[in-house]
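Have a look at the structure below before the remarks.
The values are calculated or read from the model by the stated rules, or taken from the named source; none is laboratory data. What you are looking at is a predicted structure, and each value in this text was computed from that prediction instead of being measured. As a convention, Cβ positions derive from the backbone with ideal geometry for all residues, glycine included, and neighbour counts pool all protein chains shown. SASA here: full protein model, heavy atoms, side chains in, ligands and nucleic acids out. Shrake-Rupley method; radii C 1.70, N 1.55, O 1.52, S 1.80 Å.
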Amino acid sequence: MTVIRKASAFEILNHWVLAVSFLILAISGFGFLFQLEQLNAVFGNFNAMKNIHNYAGIVFTASLILTIFHYLPVSLKFGADDIAWFLNGGGYLSKKSKVPPQDELNAGQKLYYIVILLSGLAIAASGFAIWLRPQVPDIRKLVVLSHLVHNIAFDLMIIAVPLHIYLATLANPGTLRIMITGTVPLEWARKRHAKWVRKMGY
Amino acid sequence: MTNHWVDVKNADVVLVMGANPAENHPIAMKWVMRAREKGAKFIVVDPRFTRTAAKADIYASMRSGTDIAFLGGMIKYILDNNLYFRDYVANYTNATFLINPEFKGPGELDGVFSGYDEKTRKYDKKTWSIQMDDKGIPKKDMTLKDPNCVFQLLRKHYSRYTLEKVSSITGTPKEKLIEVYKTYASTGKPNRVGTELYAMGWTQHTVGTQNIRAMTIIQLLLGNIGLAGGGVNAMRGESNVQGSTDYGILFHILPGYLPVPSASVVDLKTYIEKFTPKTKDPKSVNWWGNRPKYITSYLKAIYGDNATKDNDFGYAWLPKLDEGQNGSWLMLFDQMFNGKFEGFFAWGQNPACSGANAGKVRKALAKLKWMVNVNLFDNETGSFWKGPDMNPKDIKTEVFMLPCASSVEKEGSITNSSRLGQWRYKAVEPIGESKPDSEIMNELYFRVKRLYQKQGGKFPDPIVNLTWNYGEKDASGKIKKVDTHSVAKEINGYYLEDLKVGKKGHLAVNFVSLQADGTTSCGNWLYSGSYTEKDDKVVNMMARRGKKDIGNLGMHPEWAWCWPLNRRIIYNRASVDPQGRPWDPKRAVIKWNPDKLDPKTKKTAPGWDGDVPDGPAPPMADEKAGKYPFIMRADGMGAIFGPGLADGPFPEHYEPLECPVQENPMSKKHRINPTVKLFYGVTGPHDKPVKDGGRPEDIFLTCDIRYPYVATTYRVSEHWQTGLLTRHLPWQLEMQPQQFVEISKELADEKGIKNGSKVTVSSARGKVWAIAVVTDRFKPFKVMDTTIHQVGLPWCFGWQHPEDGSGGDSANLLTPTVGDANTMIPETKAFMVNVEKA
Amino acid sequence: MARKALLISPELCIGCRGCQTACKSWNQLPATKTVNEGSIENPPDLTPNLYNKIRYVEMPSNSNMVRWLFVSQRCMHCDDAGCIKICPAPGALFKTKEGAVGFDKDKCIGCKLCVAGCPFDVPRYDEKDKVSKCHLCSDRIAEGLEPACSKTCPTGAIRYGDRDNIIGKAQKAGYEKLYGQVDLGGLGVLYAFKDSPKIYGMDERPQIPETVVFWHKVLKPLAYWGLGGAAAVSLLHYLVIGPKKDEGGDQL
Ligand code: SF4
Ligand code: SF4
C-alpha cells in the first residue's frame, strides 16, 4: 500500500501543541465561566488555574500563529469545488452523496481553519488585553470590550472544535493518523483530497 | 461658652463668624446641623467659602479684619428698625445707665474715644464712667431716651456704620449685609433665639476682644444671652483649652480667674481690696464679691498648713508681676529674642511653628542657654537649631527632650468649650520612657525642691512650702506616683476645720461653702463641687455618665459636670422675665416655681425648676429678695457699654496692622487700634511704619505695592494645630500632604498661576512655598472702590516632618508681631502678602 | 436577615473626612504618599488602600460665589452586582447575609474583571493584584456593630441601618426617592440627593455594562449549549448516518 505524507513532523507537533493548549484553555475557561470548583482537583485552585490559563494562552497563541504557515495559504483558496462541497454538505449528509475533488484541505476544513484562526486571534488579543491591561485612556472600556470578544470567540470555538474532533476521528476513520504518523494511504487520499493527490503527481 | 455644645441645636438662627467649625470643630458641627435639620437658619460670614460655608443657608464674604464694621452695621440695623428686645434690654442690660456727659466717641474725636493719650497710647477712662445716684447706684433712664444713656450713645456711635460705609469697608455686597442682618435680627423676639459661634477668626486680631464685644452687644440687644439656643460661644481650639484657661495658664490669672497680683499689691488685704468689686445695689449679687474666699482658699490649697493667718496665708509667696508687666506670648518671645531668658520649657507646644512671626521665634530660641521640650514627638521647636537658615555651629542652646504621654495614656479630666469637665481613663500604658505630664512635673518639683533645701537660694519659700499631697510618699518624702484623683480633690477643696457647712477633712460641697478665714481650701473655686461628697460618699462628678435631660434641651445635667455648680447655661436668669417666667416657654432653661416642693421636707419652698439657676434668689421683680441676672458683674447688668476694656467702651472699626487701604474709612487719623502695643514704630497720619522704627524682625508694611494681597491663616480638619500630632500620622498626611495657598481664579489669572503649581508667598517678614489651590472659594473684594484680593493658607505644616521636607513650612513665618490691645493675642488672621510663581 | 444599608446625605456632610480616616484605621490600610494637586481632594481617586473617599465638587451657584458639595464615594453594595456577575473566581466576591458585597483576597485570582463589571468604577487592586474595596465593614456588621465610617461621622451624613428602615426615614425627611433605591436591584448604599445625581458626580442611571449583561444572558449559556450541541450533533450524525466508508470511487 502506498502511503503519502500529508503533514510534516513539525506540523503534527504544532497541531498537538495547539490542541492541548486549547483543551487546557477551554477547560479552565469553562471553569471560570461557570465557577467549576470541581476543577480544583485538576488545577489545585483558581489562582493556579488562572496562571495556567494565561500561560497556556501564550502557547496557544504562538502555536496558532505557526499554523498560519501550514493552513492559511490553502484555506484562502476557495473555488467552485469548495462551494460544491458545501452544497453537498461535505458528503456527510448521506452515505451516497458525493463531493467534488478537494485540495489538501477540504472546504469544510478551510472554513474551519479560518474560523479558528480568526477567533483564535481574537481570543488571544482580548485575553492579553485583559491580562496585561495596556496603558489606554479608558482601561475599563477596553476590558469590557475584550471580555465580550473573548467570550464570543470562545463560543465559536467551543462549538467548532468538538465538531472538528468528531469529523477528524469517528466521522472519518483514518483521518486521525495524519496527526500521528503524518502519512495517509494514497487510496484514502484520492477519495478525499483528489486535487492535492493529483498535484503531488500521483 | 455661655451655653454649651448641645445647646446649639436649640437655636433658630446660628451665626458662625470668626470660625470654621466644619473643619476645626467637626464633632460640634453636628449640633449646627441638628439645628438646621429642625429648620434653623445657618449664617456663615467668612473671607473664604469654607467647608462650613458650604453648609450655610446664607453666606457672606468679608475682608479679613473688618468684623467690627460688619457687626457695627448690624447694630445700626437692629436699632434703626426697632428689632431689639426692649424688655430685655431695659431690664437686664446697662443700656439704661447714664454715662458721664463728658464722654465722647470716635465720631466726634476722629477715631478715638475721650481720654486718649497719644504718647502712652492709652486711655484715661475718667470720662467713661457711669453716673451714680446718691446711694451709689447707677442712674438709669428706663425710657432709653436720655442722650447720655448707654442706649442713645450706642445709637450715636453706630449711626456712622451705614450700609454703604460697611460694605465699602468689608467688601460684602449690600444685599448680603441686609440679608444677614435681617435674618439674625429676627431673633430679637422673645420666642426666637440666635447663637453665635466664634473661634480664632475673631480673637487673633488687634481688635480681637472688641470683635467679641460687638457680638455681645448684639446678643444683649436681641435678648439672646442666658437663653437656650443663644449665647456668645467660643469654640476652643483644643479639647482642653477651656480647662487650661480655667486653671490659670495665662500670665495674668491664677486658677479660677483670680488676678495675678503685681508687686505693688503687697499683702492679701490689699489684694482683696483691689480685686473685690463692690456694689451698693441690693439687687446685685456681685458674685466676685466672694473673691476673698476664693483667693484665701486657693492659698490654703497650695500652701496647706504652711499658710496661716499670721503669714497672710503665704500670700507673699505668690509670684508677682512687675508693675505694668505683660507676660503674654508675644512679650515672652520678644524678651527671649532680647536674650532675657536663660531657659525655656516648651511644654506641649511648638512655638517655632505656632508662634506669630515664627521666624523671630526661631531666632529667639537660639538665644537660650537651654530648652526643655516636653512633647510626644520632637518638633520644629526642639530641633530649631538644625532648621532652615540656622547654623548649628553658632547655636549654643542645649535642648532636652522629655517625651510625654498622650491623652489616652493617662487618667484625668478635660474641660471642653461647654465648660464641661469630663473624666477620662487611661486606655494604654505610655510608650517607652514617656511619662504623663504630672509625673514629669513631680520629678521636676522634687528635684528643684531638694536643691533649694540643700543649697538654699534667693527665694525658696514658694517652692518648699507647696503642699503637693498627691499620693504615697517614699522614704525621702517624694510622691511615688501622682494620683490625679487627689489633684482633682485638692481642686474641689476641703473643709479644714469643723464648720457649719461640713466636717473637717471632708470635701467641700461647692464654692458656696468656701470661707475667707483659712478654714477651707480650694484649688480652683470654679471647680468646687466637681469632686465632692454626697451622703458621705466621695463622688467624682466629672465621671458621671447619666443621660437624663431637662425639657429636651440637651442640658443633660447628669452627664459629667460643668462649672459653675453644674450650671449648663450661664446667665440663665436672663432667660426668664422679671417675674421668673421663661421668655420662651418652649425653651425653658429655668422657671420660677412658687409651689415647688422641697423633696426632703415635702413642704412648699418656692424655687427654680430646670437648670441650676444663677443663684437661688427669687426673680428680679421680687421686691425684697429679687436679684439681677448678670451676677458676675458688679452692677448685675449685661454690659452694652463696656468701660473695662483698653480700647474703648464700644467696639470701633480699626484696620489691621497690615491692611490694603491707605486710611481707616472710619477715621482719617487712626488707621489701627490706637491702643495696641507696637513692636515697630509708626508715624501718622495713617500709622505707617517709621523708617528704622525697630528691629527688622518686627517690620510691617501696610498698603505697600510689594505686598498687595490680604492674607489669613487657618487650620484644616485633617491636621491638628501645627500638625505635630497629625503630620506623623500617614493617614492624615495622605489627605493633606503639603502647604497650600488658596487664591481666587481672578488673581491666578492676573499672576499666571496655574492650579496645583508651586508658588512663593511672602510678607515683610518671611516667605514660604505653597501649592496654589486656585478656586472660586475666594473672590476679590470691592473695598473703597478698589479690587482687593485675599488669599489664605494653613499653618499646620513644618519643615521637620514629613522628613523629606515635602510638607513645606509654617505660614506663621509670614505673620506679624502685634497683638490685641486687651489680650495680646497675635494678629495672624489679617496681614499682607505677595504671591509669585515659584 | 434584613438587608442592611448606608444612607449618605451630602446635605449633612461637612467634608471633614473623619470617615475616610476611620475606614483606613479599622481596615488598617496603609497611607499613600500624595502631593497636593491643587485640590484638597486627596488621594485623587479610590485606591486599593482607600475604600471610602470624600469627593469635593465645586459648582457654580446662584446665590454664592460657588457651591461646594461633599460626597462619600465607595462601593454601593449593589443587589445586582456587576462585580460578582463578572467575577470568574468562586468566593472572591460574595454577598454577606446583611447584603454587603464582601471580598476574599485569597480567592481572588487578580483578573481585574470586576472593575469592568462595576457600574461605579469601584474595585481596585493591591500590589498582589487582589481586589480591594469597601466591604461595608462586613467584619463589624457581622458582630452587630455599625461600619467605621458611619460610626465616626459626626453629623449623620452617613447612617447605617436596616435598608427598609433607612428608606422610610429618608422619605419622612422629604426625600421621596433615594438614589439607589431601585437601581441595580437596589443599592446597599443609598444617597439622599437634593439635586440631579450628575451634580454629585454620579451616573443618572447606573448600569452594568450592556455587553456584560449580554454576556451573562447569552454568551455564557451559549458556551454551555454550544458545546453540548456540537457534541450532540456529532453523536446524532454518528448514529444516524455513520462514519464515512471508503466504498465508492475516488473524488474525480
Ligand atoms: S459598586 Fe461595584 S464593586 Fe460595589 S457591589 Fe456594585 S458592582 Fe460590586
Ligand atoms: S465623617 Fe461624615 S461629615 Fe465627615 S466627611 Fe465623612 S460623611 Fe462627611
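Some values worked out for this structure:
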{"read-out": "Reduced Cα scattering model of the stretch C:142-221, Debye log10 I(q)/I(0), q = 0.10, 0.22, 0.25 Å⁻¹", "value": "-0.34, -1.09, -1.25"}
{"read-out": "Average beta carbon contacts from partner chains per residue of A:154-162, 10 Å cutoff", "value": "6"}
{"read-out": "Nonlocal amide H pairs with B:Trp561, under 5 Å, H built at 1.01 Å", "value": "B:Gly421"}
{"read-out": "Under 13 Å from B:Lys293, Cα to Cα: aspartates and glutamates that are on another chain or at least 8 residues apart", "value": "B:Glu273, B:Asp517"}
{"read-out": "Cα gyration tensor shape of the protein assembly as shown, rounded if a/c is under 1.5, else prolate or oblate by comparing a/b with b/c", "value": "prolate"}
{"read-out": "Listed residue pairs exceeding 30 Å between alpha carbons, taken from B:Lys30/B:Lys591; B:Lys320/B:Lys691; B:Lys30/B:Lys677; C:Lys33/C:Lys105", "value": "B:Lys320/B:Lys691; B:Lys30/B:Lys677"}
{"read-out": "Under-5 Å amide H pairs with C:His135, H placed in peptide plane, nonlocal only", "value": "none"}
{"read-out": "Charge context of B:Trp468, other residues only, Cβ under 10 angstrom, K/R +1, D/E -1", "value": "+2"}
{"read-out": "Peptide ranges B:730-743, B:251-264, B:150-163 listed from the most packed, as the mean C-beta count within 10 angstrom indicates", "value": "B:730-743, B:150-163, B:251-264"}
{"read-out": "Farthest toward positive dipole pole in the stretch B:6-239 [+1 Lys/Arg, -1 Asp/Glu at C-beta], among B:Pro47, B:Ile218, B:Ile137", "value": "B:Pro47"}
{"read-out": "Integer Hz, Karplus 6.51/-1.76/1.60 couplings in order for the stretch B:420-427, x for Gly and Pro", "value": "8, x, 10, 7, 10, 10, 6, 9"}
{"read-out": "Listed residue (B:Thr296, B:Thr276, B:Gly327) projecting farthest to the positive dipole end of the stretch B:274-327, Cβ model", "value": "B:Thr276"}
{"read-out": "Heavy atoms of C:Cys134: accessible area, 1.4 Å probe, square angstrom to 10", "value": "10"}
{"read-out": "Overall form of the stretch B:530-639 per C-alpha gyration tensor (a/c, 1.5; a/b vs b/c)", "value": "prolate"}
{"read-out": "Separation of alpha-carbon centers, the stretch B:221-293 and the stretch B:730-761, rounded to whole Å", "value": "44"}
{"read-out": "Highest-first arrangement of B:237-245, B:457-465, where packing means the average Cβ count within 10 Å", "value": "B:237-245, B:457-465"}
{"read-out": "Candidates C:Arg67, C:Arg140, C:Arg163, ranked by Gaussian network fluctuation over chain C, Cα under 10 Å, top entry", "value": "C:Arg67"}
{"read-out": "Around B:Gly792: net Lys/Arg minus Asp/Glu count, Cβ-Cβ under 9 Å", "value": "0"}
{"read-out": "Phi to ³J(HN,Hα) by Karplus 6.51 cos²θ - 1.76 cosθ + 1.60 over the stretch A:160-175, Hz, x for Gly, Pro", "value": "6, 5, x, 4, 4, 5, 4, 5, 8, 10, 4, 6, 9, x, x, 6"}
{"read-out": "By average C-beta atoms within 10 angstrom, highest first, the peptides C:191-204, B:709-722", "value": "B:709-722, C:191-204"}
{"read-out": "Pairwise centroid distance, computed over Cα atoms, of the stretch B:776-811 with the stretch A:6-81, Å", "value": "62"}
{"read-out": "Formal net charge of residues neighbouring B:Pro629 (Cβ-Cβ distance under 12 Å; K, R +1; D, E -1)", "value": "+1"}
{"read-out": "Centroid-to-centroid separation of the stretch A:159-202 and the stretch B:349-397 [C-alpha atoms, Å]", "value": "91"}
{"read-out": "Accessible-area composition of the stretch B:497-645, carbon plus sulfur, in percent [1.4 Å probe]", "value": "55"}
{"read-out": "Peptide C:58-65, shielding by other chains (average Cβ, 10 Å cutoff)", "value": "5"}
{"read-out": "When each of B:Lys9/B:Lys55; B:Lys122/B:Lys363; B:Lys340/B:Lys458; B:Lys280/B:Lys503; B:Lys135/B:Lys274 is checked by Cα-Cα distance, pairs over 25 Å", "value": "B:Lys122/B:Lys363; B:Lys280/B:Lys503"}
{"read-out": "Unit charges at the beta carbon, dipole of the protein assembly as shown: most positive-side option, B:Trp561, B:Leu814, C:Leu69", "value": "C:Leu69"}
{"read-out": "Shielding score for C:215-226, defined as the mean number of other chain Cβ atoms within 10 Å", "value": "5"}
{"read-out": "Under the Karplus curve 6.51 cos²θ - 1.76 cosθ + 1.60, θ = phi - 60°, whole-Hz ³J(HN,Hα) for the stretch B:234-245, x wherever Gly or Pro sits", "value": "7, 8, 6, x, 9, 4, 10, 5, 4, x, 5, 5"}
{"read-out": "Anisotropy class of the stretch B:189-240 from Cα gyration tensor, a/c 1.5 cut", "value": "oblate"}
{"read-out": "Cα gyration tensor of chain A - equivalent ellipsoid semi-axes, whole Å, descending", "value": "35, 18, 16"}
{"read-out": "Alpha carbon convex hull of chain B, projected area averaged over orientations, nm²", "value": "35.1"}
{"read-out": "Dipole magnitude of chain B, debye to nearest 20 (Cβ charges: Lys/Arg +1, Asp/Glu -1, about Cα centre)", "value": "1020"}
{"read-out": "Size of electric dipole in chain C: Cβ of Lys, Arg +1 and of Asp, Glu -1, about Cα centre, debye, nearest 20", "value": "600"}
{"read-out": "Dipole magnitude (debye, nearest 20) for the stretch C:30-75, charges at Cβ of Lys, Arg, Asp, Glu", "value": "140"}
{"read-out": "Amide H contacts under 5 Å for B:Ala405, placed H, 5+ residues apart", "value": "B:Lys435, B:Asp437"}
